[in-house]
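K.L.:
Structure incoming, see below.
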Amino acid sequence: MTDWQAKANEQKENYLNDLISLVKIPSVRDDSKATDEYPLGPAPAQALSAFLEMAEQDGFKTKNIDNLVGYAEWGQGDETLAILAHLDVMPAGNGWNSDPFNPIIKDDNLIGRGVSDDKGPGMAAYYAMKTLKDMGVEPNKKVRFIVGTDEESNWTGMKRYFEVEPEPTYGFSPDAEFPVINGEKGQVSLLLDYPGGNDGDDLLRSFKAGLRFNMVPREADAVVETADNEQAVAKFTAFLDANPIEGECELSTDGLHFQVIGKAAHGMEPEKGINAATYLAKFLQSLSLGGQAKQFVDFVADFLHLDTRFNNFMGAYRDDVMGDLTMNVGLLSFDDTKGGQIDMNFRYPKGVTPDGLQAKVLPVAKEHGMTVHYEKFEVPHYVDANDPLVKTLMKAYIDQTGDENARPEVVGGGTYGRLMKRGVAFGALMPTTPNTMHQANEYQPVNDLLKSMAIYMQAINDLVTD
């Protein structure tokens, strides 16, 4: 019997060198730098080019599709096993203790943006495939390692792949956690729009929070013209002392600048973060605001603050298989002349629909001078636990970890796995390792990454030699 862990350990040095080289590329989608050649900006395309060059040197057939998505291919056959990873990363944000794009190893943890989501796991799966090829394994089906470049936003790249290439027979995405994610909740963002306007002794000039819809905002900023600056600062100081946040306030020519610092977290688990935006709104309620500014602040403070389960609109909803409905308020803005928008992002189980969510929000939104709409959504995705794909992946995980109690799981995160009828997410976050995806100081234990490589080796081997 092959010792897959020993094989993975042999790859440690080369794997870390290649992974670190990819993490150093700040591959955040940047539409402001988009061109015909680089539709998502140059950095994601740079990461794609670097990976494909690496794969070609390793002896794989490669293809770059429009600088959006690419693949490395191994073997041949009528069926195709797809491994779907992504090379783009979330914006780094603030709060790091080291350079997010100059990864370091500290206390046996690799630290940097993307080491957990998804360059570290993706490269572990790639190295598993590469090792099998170098061992002389002959797959009985085609294997494609496919990498997208905007999974953290609109999935433009991977959607293009499925438009121009045949759909794989089945596959997995190394972009979640172990053991196996065989179900993913649906996703939709309700967008609340409202006009600007002030009518009070204190005037809210602007409010801004959030980097992406699928991140809990770590920072929130507001500019207010107050009737009594000294009193407003005193209130803010007392508010900071009474709540689990940090912040600062300074006077400028356009008014008092308030900043609240909370804690970022992945939007699928908003309860693990501290939403700076809703805390700032809660503080602003103590000022004498009026007009649409007050409507905006009251809506956020009264209906969104500390509510990750939609309790203030319909009561908590839970499905026995897919779990809780969750809500993350990831993007908020207000301008006293232009108005603004709130993005309420939902991860919903079976039994919930976007129309149903909109219907619950609409009456409250109208009372606060807001309109509600949504543009796109993803329905819940589920692959039966008895599917041979799921059983093979579960066996590999249990064999390599000894975790006999492991069972397939459903999560709120969305992965490329849902693009295939028989697609799941598979690792690489271990059950006992903290989830730092989308957070400052994102990290993965090096030993976890090597363990995941061993799991992927067995899994891919068993899937292509059955």
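The values are calculated or read from the model by the stated rules, or taken from the named source; none is laboratory data. Please read these numbers as outputs of a predicted model, since none were measured by experiment. Don't worry about glycine lacking a Cβ; one is built from the backbone with ideal geometry, like all the others, and counts go over all protein chains shown.
K.L.:
If I ask for residues that are among the β-branched types (Val, Ile, Thr) and free of Cβ contacts under 8 Å to residues at least 24 places away in the same chain, which ones from segment 1-41 would you list?
P.N.:
Thr35
K.L.:
Does Pro166 fit the bill of being closer than 30 Å to Gly247 by Cβ and either in contact with a strand residue (DSSP E or B) (Cβ under 6 Å, 6 or more places away or on another chain) or not acidic (Asp, Glu) (or both)?
P.N.:
Spelling it out, it is not the case that Pro166 is closer than 30 Å to Gly247 by Cβ and either in contact with a strand residue (DSSP E or B) (Cβ under 6 Å, 6 or more places away or on another chain) or not acidic (Asp, Glu) (or both).
K.L.:
Quick check on Asp399: is it among the acidic types (Asp, Glu), surrounded by fewer than 23 Cβ atoms within 10 Å (Cβ to Cβ) and either in the same structural domain as Glu269 (by TED's automatic domain parsing) or touching a residue at least 60 places away in the same chain (Cβ under 8 Å) (or both)?
P.N.:
no
K.L.:
Hey, Asn154 hits all of (1) assigned to a loop (DSSP other than H, G, I, E, B); (2) at pLDDT 95 or above; (3) closer than 25 Å to Pro39 by Cα but one; which does it fall short on?
P.N.:
It is condition (2) that Asn154 fails.
K.L.:
Looking only at segment 227-257, filter to residues that are touching a Phe, Trp or Tyr at 6+ places or on another chain (Cβ under 7 Å) and either touching a residue at least 40 places away in the same chain (Cβ under 8 Å) or over 18 Å from Ala277 (Cβ atoms) (or both); which one of those is surrounded by the most Cβ atoms within 10 Å (Cβ to Cβ)?
P.N.:
For segment 227-257, the residue satisfying everything is Phe236.
K.L.:
Further question on the same structure: So which residues in segment 320-363 are exposed (fewer than 15 other Cβ atoms within 10 Å of the Cβ) and among the hydrophobic types (A, V, I, L, M, F, W, C)?
P.N.:
Val321, Ala359
K.L.:
Of the residues that sit in segment 272-304 and are part of a loop (DSSP other than H, G, I, E, B) and not small (Gly, Ala, Ser), which one is surrounded by the fewest Cβ atoms within 10 Å (Cβ to Cβ)?
P.N.:
The qualifying residue surrounded by the fewest Cβ atoms within 10 Å (Cβ to Cβ) is Gln285.
K.L.:
Would you say Val390 is at negative phi and part of a helix (DSSP H, G or I)?
P.N.:
Criteria met by Val390.
K.L.:
A further question on this structure: Pairs under 6 Å by beta carbon, first residue within 23 Å of Met1 (Cα to Cα) in segment 427-456, partner of a type in the set (Val, Ile, Thr), six or more apart or different chains?
P.N.:
Asp448/Thr433
K.L.:
Can you give me the number of residues within segment 34-84 that are among the aliphatic types (A, V, I, L, M) and part of a helix (DSSP H, G or I)?
P.N.:
8
K.L.:
Suppose we filter Gln285, Gln292 for residues that are polar (S, T, N, Q) and more than 27 Å from Asn94 (Cβ to Cβ); which single one remains?
P.N.:
Criteria check complete, one pass: Gln292.
K.L.:
Does at least one position in segment 262-269 carry a residue that is surrounded by 18 or more Cβ atoms within 10 Å (Cβ to Cβ), of a type in the set (A, V, I, L, M) and modelled with pLDDT of 95 or more?
P.N.:
No: zero hits.
K.L.:
Continuing with this model, one more query. Please determine, by comparing only the residues of segment 163-214 that are of a type in the set (D, E, K, R) and assigned to a strand (DSSP E or B), which one is surrounded by the fewest Cβ atoms within 10 Å (Cβ to Cβ).
P.N.:
Within segment 163-214, the match that is surrounded by the fewest Cβ atoms within 10 Å (Cβ to Cβ) is Asp193.
K.L.:
Looking at segment 403-425, can you tell me whether even one residue there is closer than 30 Å to Val224 by Cα, touching a Gly at 6+ places or on another chain (Cβ under 9 Å) and not β-branched (Val, Ile, Thr)?
P.N.:
No: segment 403-425 contains no residue that is closer than 30 Å to Val224 by Cα, touching a Gly at 6+ places or on another chain (Cβ under 9 Å) and not β-branched (Val, Ile, Thr).
K.L.:
Keeping to segment 210-243, report how many residues are hydrophobic (A, V, I, L, M, F, W, C), under 27 Å from the mean Cα position of the chain (by Cα) and under 20 Å from Leu289 (Cβ atoms).
P.N.:
2
K.L.:
Still on this structure, I have one more. Residue by residue through segment 407-451, note down the ones that are assigned to a loop (DSSP other than H, G, I, E, B), more than 13 Å from the chain's Cα centre (by Cα) and closer than 20 Å to Tyr382 by Cβ.
P.N.:
Passing the criteria: Arg407, Pro408, Met420, Lys421, Arg422, Phe426, Gly427.
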